[in-house]
Amino acid sequence: MAEKKEVLFTVLTQQRILSTPGMTEKKYTMAVTYTAPGLAPATLFLPEEGYTFEKAKKAILEDIEKRRKEKPLEVTR
């Protein structure tokens with residue numbers, strides 16, 4: 001029987017977006033939306049230049065670690 005692996009995160013979308021609309025020199029950004037167990041979906045904006053999935057993976061894992069350390073904001077009346 002195959003060993004069940006822990007899911008670290010799931011990439012929902014990877015989109016190339018124009019980040020300099022109306023400018024003569026066009027620059028693009030990669031918008032990577034992911035979700036991880038116990039966390040709401042989040043989007044990271046990474047430079048398209050030099051973009052690789054490995055760089056995105058590193059950024060996502062760092063973001064997950066940061067988000068898990070945050071405490072929820074409780075608002076009472």
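Going out from 0 in 5 Å bins, what whole percent of all Cα-Cα distances in the stretch 29-73 drops into each bin?
5, 20, 32, 21, 13, 6, 2, 0
Once you've got the Cα coordinates, tell me which of 27/58; 27/69; 26/69 are over 26 Å apart.
The pairs that break the limit, which is 26 Å between Cα atoms, are 27/69; 26/69.
So, in nm, how far is label residue 11 from label residue 23 when the simple model puts each one 7 Å beyond its Cα toward the Cβ?
Placing both labels 7 Å along Cα→Cβ, they lie 2.4 nm apart.
Using helices alone, what [θ] at 222 nm do you get for the chain, with -39,500 (n - 2.57) per DSSP H run of 4 or more residues, divided over all residues and rounded to the nearest 500? Walk me through the numbers on the way to the answer.
Values: 1 runs with 17 residues, N = 77.
That calculation yields -7500 deg cm²/dmol at 222 nm.
I'd like the GluC sites (Glu not before Pro) in the stretch 15-56 restricted to DSSP loop residues with at most 10 other Cβ atoms within 10 Å, sorted by number.
In loop regions of the stretch 15-56 (DSSP not H, G, I, E or B), the sparsely surrounded GluC sites (Glu not before Pro) are 25, 49.
Along each principal axis of its Cα atoms, how long is the chain end to end? Whole angstroms, biggest number first, please.
Largest to smallest, the principal-axis extents are 53, 50, 17 Å.
Out of residues 5 or more away from residue 28 or on other chains, whose amide H comes under 5 Å of its own, with H placed 1.01 Å from N in the peptide plane?
Amide H to amide H, under 5 Å and 5 or more residues apart or across chains, residue 28 pairs with 19, 48.
Bear in mind these aren't lab numbers, they're just calculated from the coordinates by the rules spelled out. Note that the structure is a prediction, hence the values are computed from the model and not measured. All Cβ positions, even for glycine, are placed from backbone atoms using ideal geometry, and neighbour counts span all protein chains on display.
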